[in-house]
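Below you'll find the structure, written out as structure tokens, and then a few comments.
The values are calculated or read from the model by the stated rules, or taken from the named source; none is laboratory data. As the structure is a computational prediction, the values presented were derived from the model and not from experiment. Cβ: placed from backbone, ideal geometry, glycine included. Neighbour counts: every protein chain shown. The accessibility values were calculated without ligands, DNA or RNA, using every heavy atom of the protein model including side chains. Shrake-Rupley method; radii C 1.70, N 1.55, O 1.52, S 1.80 Å.
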Amino acid sequence: MVATQPKISLSLDAADTTIMHRAGMTGLYMTLKRLEKQYPSSRQRGGHISWVLTADTIELFWEGSDFVALSWLINESFKLDDTGLIHLAGLDNDAIDLRQKIHIHEGICAVFLRLNKFYQAGELVNTELEVEEKKVEYQYKSLTWYAHQTFAEKLCEADTQQLRHDYIQITSWLYLGGIVRHARTQNTTKLEEKPEYALALLFVPVVCHYCLLHIPSEDLKERKPHRYLVVIPEIKDFEDASQRRWRLQQLGTKQLHVSTLGEAGLLYYSLDDIQPEGDYYQACQVWLYEKINRASRQRTLMSIEEIEIDKNTLITYQQVQKYFQPNYQKVSGGSGKQVVTFGVALLIQIGLHRLGTLLLWHYHQKIKPKQIFIKVNPIRSLIADNLVKGIHWWSNFWEKLVIEDSKEYLFNQLFFNRKGFITMVNNSEEDKQYLIFIKVFQQSMKGNFAKVSAKAEEEKSSLIKKKIERLRAEINYCYDELSFKEYVSDFLVRGGLNKHFYEHQ
């Protein structure tokens, strides 16, 4: 007998849902959309399961045994491929490259399947990836089972095989952050869900996005265990959210490395097409998971950041992606040392009363065999953090680059992003006054370095370095607005005639 009433109904507008429930509903929506292409007729599906989807509702229908229908749905949704990688039907993993599949697999294992009782590990698998037109060996941990695959047993009564009517106890793999803190009181503090919401939560990993967090000052040190960021979007429309998540598969894996939580959030929406005349508002949460120490067997939730994104914020971030240096990726050719020396340069800090200088940078990076190195652009992430805080994209650079950046790692990145700064300012009417400030200082800098440039080549490098060291030391002595104005006056005088200054006093 064909069911005329839905066995399960889900709605984005339900008052008893959280961001996690709505994300799970979207993951289910994405999965059902993919499955109906693979199995267009309900006769091809277990229990003849069918569904009706709208922009904000999901209705599931089936015949006969609830367990048969739900078991078919879950088995088709959460698979393992022949190499032990997690295969999500909702993301159509077969359509993405191997690096993306491994990234998703490792992200889900690090965030959702943190305890070994939620999965069964297989062998370590060695595979070959193509990175920068080179073949690189890569190793990952395969699975033979994970908790999502057999969840139909939790949803249905063992004796009747019908959907349970009471609440289902859930744990952290199903609801992120949902753990019992006190073992003695777990009977009264345990987390429970309605069966239909438990089913929806099963699909949260489908719509989430996984990034790797880098701490800039640690980039040149020994590698530490990956810090995973998981982006959980706030959903307003199933179809829009699904299309957005599918578009994100266009991003290369090197783009999924960031140095702030703010950029991870903006990255999730970075491929949206913004219409100038339309309204735009999105929100998400970014959760940070990392190992407390190297010996830890699992990652711990360390931070949650809520991010709101309006039209101007996203447009500005899309410009940052376009004009600033992307992440750099290289493949080591073997063990040993590689020495990179960058030329001397100067970029004036954008702002009315701050400026910065770039030092000659020498660093030695140990290259280990069979590893992929991702060099993250921290300037871009720093700007992204300003954007999500609702302040000017260039705000607080002085504090970040001079006061907080004791190892001068961020400060040294200015040279490689200099074109991005100038282009961003040139494209913004709001920043024209700051561009004038920069031009005045650039002209004075030419005057200050004129005598040094006349020296012989062998003397020039050391003299320029000393000059930059002196200028930076002088800037560091500026402790308030008055002292900075005094420094500016002296600096402009030493620079000689300056047409930009006289035109824009």
The residue from I96, I108 that alone is surrounded by fewer than 16 Cβ atoms within 10 Å (Cβ to Cβ) and in contact with a helix residue (DSSP H, G or I) (Cβ under 6 Å, 6 or more places away or on another chain) is I96
If we only count strands (runs of 3 or more DSSP E) wholly inside the range 205-308, which ones have 3 or more residues that are among the basic types (K, R) and surrounded by fewer than 23 Cβ atoms within 10 Å (Cβ to Cβ)? none
Pick out the one residue from L492, L435, L497 that is modelled with pLDDT under 75 and either aliphatic (A, V, I, L, M) or more than 20 Å from E408 (Cβ to Cβ) (or both). L435
Of everything in the range 77-93, what is within 27 Å of I49 (Cβ to Cβ) and either open to solvent by 30 Å² or more (accessible area, probe 1.4 Å) or in contact with a strand residue (DSSP E or B) (Cβ under 6 Å, 6 or more places away or on another chain) (or both)? Give them in sequence order. K79, L80, D81, D82, H87, D92, N93
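Just wondering, is there one or more residues in the range 89-106 that are under 30 Å from Q162 (Cβ atoms) and under 24 Å from the mean Cα position of the chain (by Cα)?
Checked against the condition, which is being under 30 Å from Q162 (Cβ atoms) and under 24 Å from the mean Cα position of the chain (by Cα), the range 89-106 yields at least one hit.
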Across the range 463-503, what is the total count of residues that are in a loop (DSSP other than H, G, I, E, B) and farther than 13 Å from S444 by Cβ? 4
Quick one: how many residues across the range 142-155 are in a helix (DSSP H, G or I), among the hydrophobic types (A, V, I, L, M, F, W, C) and touching a residue at least 60 places away in the same chain (Cβ under 8 Å)? 2
Considering only residues of the range 111-124 that are touching a Phe, Trp or Tyr at 6+ places or on another chain (Cβ under 6 Å) and open to solvent by 30 Å² or more (accessible area, probe 1.4 Å), which is farthest from R227 (Cα to Cα)? Q120
Only one of (1) open to solvent by less than 60 Å² (accessible area, probe 1.4 Å); (2) within 27 Å of R380 (Cβ to Cβ); (3) part of a loop (DSSP other than H, G, I, E, B) fails for V440. Which number is that? (3)
Looking across the range 143-160 at residues that are of a type outside the set (D, E) and open to solvent by 80 Å² or more (accessible area, probe 1.4 Å), the single one that is nearest to E196 (Cα to Cα) is K154
Does L28 count as in a helix (DSSP H, G or I), of a type in the set (A, V, I, L, M, F, W, C), over 23 Å from V231 (Cβ atoms) and open to solvent by less than 40 Å² (accessible area, probe 1.4 Å)? no
Options E132, E137; residue that is more than 21 Å from P225 (Cα to Cα), touching a residue at least 12 places away in the same chain (Cβ under 8 Å) and open to solvent by 50 Å² or more (accessible area, probe 1.4 Å): E132
When residues of the range 54-64 are filtered for being modelled with pLDDT of 95 or more, of a type outside the set (D, E) and either at positive phi or surrounded by fewer than 20 Cβ atoms within 10 Å (Cβ to Cβ) (or both), how many remain? 4
If only one of K330, K322 is assigned to a helix (DSSP H, G or I) and either at pLDDT 95 or above or charged (D, E, K, R) (or both), which one is it? K322
Scanning the range 393-413 residue by residue, those crowded, with 21+ Cβ neighbours inside 10 Å and over 18 Å from N377 (Cβ atoms) turn out to be V402
Look through the range 383-392, keep the residues that are surrounded by fewer than 23 Cβ atoms within 10 Å (Cβ to Cβ) and under 15 Å from M424 (Cα atoms), and return whichever of them is modelled with the highest pLDDT. N386
